[in-house]
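Engineer: Take a look at the following structure, please.
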Amino acid sequence: MENKKPFSPSPLLRFPKRAVHLDFHTMPGIDDLGSQFNGKEFAATLRDAGVEYVNVFAKCNLGFCYYPTKVGYIYPDLKRDLLGEMVDACHNEGIRVAAYFNVGLSHEHALRHRDWCSVNKLGQVYKFDVMNHWFRTMCFNSPYRDLILQMVDEVLEAYPVDGLLFDSLTPTPCYGIECVEKAEALGLDMKNDDDVRKLAFQSSLDMKDSIIAKATERRDNLFMYFLGLEAAYQPTHQELEVLPQGGWGYDYLPARIRYIRTLGKPYSTMTGRFQGSWGDLGGIRPEPALLYDCLNSVVNGGNCCIGDHLHPRCRLEPAVYKMIGNVYSTIAKLDEWTDGAKPVTEIAILAPWLVGCGDENNAKCATALRGYSRMLLELKQQFDVINAEADFTRYHLLILPDFVRLDAKFATKLQAYLEQGGKLISSAWAGLAPDGTNFVLPCHRKAMRFLGDEPCQYTFIHPSQDIAEDMPDIGTTIYNQGIAVEVKQGTPLAELGKGYFHLGDWDYKHEYLYIPEKELTGRPGIVAFAEGCHFTFPLGAAYFEHAACAYRTLLRNLLRRLLPNPLLHLENFPSFGQATITTQPSRRILHLLCYVPEKRGTHMEIVEEPSIALDVKAKLRLDGFQPTTLYLAPDRTPLPFTIQDDYATFTIPVVKGYAMAVLEDAR
């Protein structure tokens, strides 16, 4: 069903380095809409803040249009063509413009065309028991689809926009008649939840493809992006939406940007200026938090986009654009060393669920990914996140996290990688066949026998002396149980203990909540084999949920066995600091980020100021590169360094939030 033919537009202009995404979701009942709009002031404010690309509104979440549409609903009493005036004003300042359409949400159309709404499994089109932005959504197989295509066509006919952005194409299960009939035509069973997910996914892809086809009838050099669809399905570029204080958290960006940077298209991150999430018109984050987000993008090879929400009177807030200007002026000073820079990595986390419609395990897989990503960041390892279609041979070691099952095609490709000398770390159910009955890879099957799920809760891990460095001399609690195995030809590197009771046992007198360790089980917690090792518990998910430093120490000790000469060694740099290596012609660049998102209040993570690290000692593997000079950018402050055994060794005196050390061959 899935459309595999890639979209190939005409060559685009240079991908924008610094952009603003301007929301304008406007509730009905505002009688002074656009009353303060001045095109010259609007564009000059963006220009002075260093903005070179802006997403502005054609149609908002409410379903209102802000141009003289012939097919949609114009915002009541709107007296001017806001879209047209913004496009003209921005183009006069050399700022490119994309037109925004929300596709999945359109409340005005949902009110007047209930038959265009998605129908949930309970038969509801309005979910009054939920009441959020998505309490009613639009069905892409209804006549609403044609309305969106007509809007796209009329905007492209009337306005010389440089791009299009479509929101809320998230696959949404629908049980309306159009979807039922489409399922029948595709041979899908609406009683099967997996088939309903496949239909929703295909319907979103079909909507995207129809929009692309309609748009390219007018123009074939547009930037186009479809929020809600996974990165692998984007036609021209990637915009990674991530508001750390708006629900995404600070663990989201590091994992996901290391995925989108492998897909071969230009990319940016879309953060926001809001204290909360989208729509927080009066909320402004601390400036260091916004700078941290943008730095995190550029050090990973990306560009920047900052989200804002325009007041209905349509005057940009000076305080917001002063902050954006400050951040973008700092980022612009790094352009010489970030433009075209490519990440240098040697480890990849396998994330095959990021292609396709997924299943009920997707949320668990995402948790495991964030846990493994967090550990590798804290260990200063250089890694990517890849799907099953990527080139495995670029990496010395692959991680198969927690819940990833192997079908025949995936297993064959992974086995070929191992036969060429690649290394593997896997955990818990990862590596089992889709039916969960046994391991698939020969290295797993030879090393251990799968017995089923681990029966004890809790268990306690006791590492062997080979991997016990810095581990506490105590049975360390394993909070998330995985699988039970019996060692065959593998080498046990840790043994599991069990408690006197199972957590939560109830004998109608007591619930057993205090679980001391009683004895060893004879079952391994880690099994080594020639190609790598397997944790029997879900290491990634367990670390993300419990942040037990001992789990990270176990991973570190195993990585030292499997990758004895890593790309980077750091001393005097805190565990929360991030280290990224990039390369340009004649340059090898080390980026150090030193910020702490602190939990404040009930749920908010706040970055209010940079942190400081002193006398950070670095050893960076050169892989044959022969630098002649080392300096700190952008000021080009020289630093001494030595080279021995293919490593450059140097010390960075002060890292205040961010430092960039550039090894360069100046010959």
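Please treat every number below as a calculation from the coordinates, not as lab data. These figures come from a predicted structure and were not determined experimentally. Counting neighbours? That spans all protein chains shown, and the Cβs are built from the backbone with ideal geometry, glycine included.
Engineer: Which value at 222 nm does the chain reach when only helices count, each DSSP H run of 4 or more adding -39,500 (n - 2.57), with the total divided by all residues and rounded to the nearest 500 deg cm²/dmol?
Structural biologist: On the way: 15 runs with 175 residues, N = 667.
Calculated mean residue ellipticity at 222 nm is -8000 deg cm²/dmol.
Engineer: Subtracting the Cα-Cα distance from 0.36 nm times the residue separation, let me have the gained length for Glu360 to Arg14 in nm, one decimal.
Structural biologist: Details: separation 346, 0.36 × 346 = 124.56 nm, distance 3.92 nm.
Between Glu360 and Arg14, full extension yields 120.6 nm more.
Engineer: Under DSSP H, which helices of the chain have Cα atoms covering 18 Å or more of the helix axis and a Kyte-Doolittle average no less than -1.0? Write down the numbers at each step before the final one.
Structural biologist: On the way: long enough: 144-158 (21 Å, 0.31); 193-218 (39 Å, -0.67); 318-332 (20 Å, 0.63); 362-378 (24 Å, -0.11); 549-562 (20 Å, -0.01).
Flagged H segments are 144-158, 193-218, 318-332, 362-378, 549-562.
Engineer: Output ³J(HN,Hα) for the range 306-312: one whole-Hz value per residue in order, computed from phi by the Karplus curve 6.51 cos²θ - 1.76 cosθ + 1.60 with θ = phi - 60°, and x for Gly and Pro.
Structural biologist: 10, x, 9, 9, 6, 5, x
Engineer: Separate question: Give me the three principal axis extents of the range 9-141 from the C-alpha atoms, as integers in angstrom, largest value leading.
Structural biologist: 51, 38, 27
Engineer: Set the Förster distance to 35 Å, then compute FRET efficiency between Asp435 and Thr491 from the Cβ-Cβ distance, nearest 0.05. Numbers along the way, then the final one.
Structural biologist: Numbers: r = 28 Å, r/R0 = 0.80.
Computed FRET efficiency for Asp435 and Thr491 comes out at 0.80.
Engineer: To continue, here is another question. Which order do the peptides 433-440, 578-585 take when ranked by the mean count of other beta-carbon atoms within 10 Å per residue, highest first?
Structural biologist: Values: 433-440: 13.6, 578-585: 18.6.
Result, highest mean Cβ count within 10 Å first: 578-585, 433-440.
Engineer: Turning to a different aspect of this structure: Going by amide H atoms built from the backbone, whose H comes under 5 Å of the H on Leu424, apart from near neighbours?
Structural biologist: Leu398, Gly532, Cys533
Engineer: Could you rank the peptides 533-545, 177-189 by their average count of other C-beta atoms within 10 Å per residue, with the highest value first? Mind showing how you got there, number by number?
Structural biologist: On the way: 533-545: 25.8, 177-189: 15.2.
By packing density, highest mean first, the sequence is 533-545, 177-189.
Engineer: When the chain is fully extended, how far beyond the present Cα-Cα distance does Arg313 get from Ala232, taking 0.36 nm per residue of separation? If you can, show how the numbers build up before the last one.
Structural biologist: Values: separation 81, 0.36 × 81 = 29.16 nm, distance 3.79 nm.
Net length gain for the segment: 25.4 nm.
Engineer: Expressed as a whole percent, how much of the Cα-Cα distance distribution for the range 397-504 exceeds 17 Å?
Structural biologist: That fraction is 60 percent.
Engineer: Using Cα-only point scatterers and the Debye equation, what is log10 of I(q)/I(0) for the range 193-288 at each q in 0.11 Å⁻¹, rounded to two decimals?
Structural biologist: Taking Cα atoms of the range 193-288 as identical point scatterers yields -0.45.
Engineer: Calculate the spin-label point distance for Ile284 paired with Asp88, positioning each point 7 Å from the Cα along the beta-carbon direction, and give it in nanometres.
Structural biologist: 3.1 nm
Engineer: Work the Kirkwood hydrodynamic radius out for the range 544-667: mean of 1/r over every pair of different alpha-carbon atoms, inverted, in Å. Show your work: numbers first, answer last.
Structural biologist: Working: mean 1/r = 0.0620 Å⁻¹.
Radius from the Kirkwood sum: 16.1 Å.
Engineer: So which of Lys208/Lys599; Lys599/Lys656; Lys17/Lys40; Lys488/Lys617 end up more than 32 Å apart, counting from Cα to Cα? If you can, show how the numbers build up before the last one.
Structural biologist: Numbers: Lys208/Lys599 38 Å; Lys599/Lys656 21 Å; Lys17/Lys40 22 Å; Lys488/Lys617 43 Å.
Lys208/Lys599; Lys488/Lys617, as the Cα separations exceed 32 Å there.
Engineer: Still on this structure, please answer the following. For a protection proxy built on the mean count of beta-carbon atoms within 10 angstrom, sort 264-274, 123-133, 481-491 highest first, please. Don't jump to the answer; show the numbers that get you there.
Structural biologist: Working: 264-274: 21.7, 123-133: 11.8, 481-491: 18.4.
Peptide ranking by packing, descending: 264-274, 481-491, 123-133.
Engineer: For Val71 paired with Ile612, estimate the spin-label separation in nm (one decimal), with each label point 7 Å from Cα along the Cα-to-Cβ line.
Structural biologist: For the pair Val71/Ile612, the computed spacing is 6.0 nm.
Engineer: Tell me, what does the Kirkwood hydrodynamic radius of the range 489-546 come to in angstroms if you use every pair of distinct C-alpha atoms? Working shown, then result.
Structural biologist: Details: mean 1/r = 0.0736 Å⁻¹.
Hydrodynamic radius (Kirkwood, Cα only) of the range 489-546 equals 13.6 Å.
Engineer: Under the Karplus relation 6.51 cos²θ - 1.76 cosθ + 1.60, θ = phi - 60°, what is the ordered set of whole-Hz ³J(HN,Hα) values for the range 522-527, x standing for Gly and Pro?
Structural biologist: Each residue of the range 522-527 in turn: x, 9, x, x, 9, 10 Hz.
Engineer: Additional query: Run through the range 567-625 and list the GluC sites (Glu not before Pro) located in a DSSP loop whose Cβ has at most 15 other Cβ atoms within 10 Å. If you can, show how the numbers build up before the last one.
Structural biologist: Values: sites: Glu571, Glu598, Glu605, Glu608; in loops: Glu608.
Passing sites in the range 567-625 are Glu608.
Engineer: Label Gln626 and Val180 with points 7 Å out from Cα along Cα→Cβ: what is the distance between them in nm?
Structural biologist: 7.5 nm
Engineer: Could you pull out the GluC sites (Glu not before Pro) across the range 223-253 that fall in loop regions by DSSP (anything but H, G, I, E, B) with no more than 10 other Cβ atoms inside 10 Å? Walk me through the numbers on the way to the answer.
Structural biologist: Numbers: sites: Glu230, Glu239, Glu241; in loops: Glu230.
Loop-located and lightly packed - none at all.
Engineer: If you don't mind, there's one more thing I want to ask. Could you give the length gained on full extension between Ile643 and Ala158, defined as 0.36 nm per residue of separation minus the Cα-Cα distance, in nm? Each step should come with its number before you reach the end.
Structural biologist: Numbers: separation 485, 0.36 × 485 = 174.60 nm, distance 6.08 nm.
Here the answer is 168.5 nm.
Engineer: Kindly list the residues of the range 286-328 that lie in the label zone of Met604, defined by a backbone N under 11 Å from the point 7 Å along the Cα-to-C-beta vector.
Structural biologist: 286
Engineer: Can you list the residues, at least 5 places off or on another chain, whose amide H is less than 5 Å from the amide H of Asn387, using H built in the peptide plane?
Structural biologist: Result for Asn387 returns Ala351.
Engineer: What Rg and what Dmax come out for the range 453-517 when only alpha-carbon atoms are used, in angstroms?
Structural biologist: 13.8, 45
Engineer: While we're looking at this one, here's another question. What FRET efficiency, computed as 1/(1 + (r/R0)^6) with R0 = 56 Å and r the Cβ-Cβ distance, is obtained for His113 and Val596, rounded to the nearest 0.05? Don't jump to the answer; show the numbers that get you there.
Structural biologist: Working: r = 49 Å, r/R0 = 0.88.
Once rounded, the FRET efficiency stands at 0.70.
Engineer: At R0 = 60 Å, how high is the FRET efficiency between Glu419 and Phe135 if r is their beta carbon distance? Nearest 0.05 is fine.
Structural biologist: Values: r = 52 Å, r/R0 = 0.87.
Plugging the Cβ-Cβ distance into 1/(1 + (r/R0)^6) gives 0.70.
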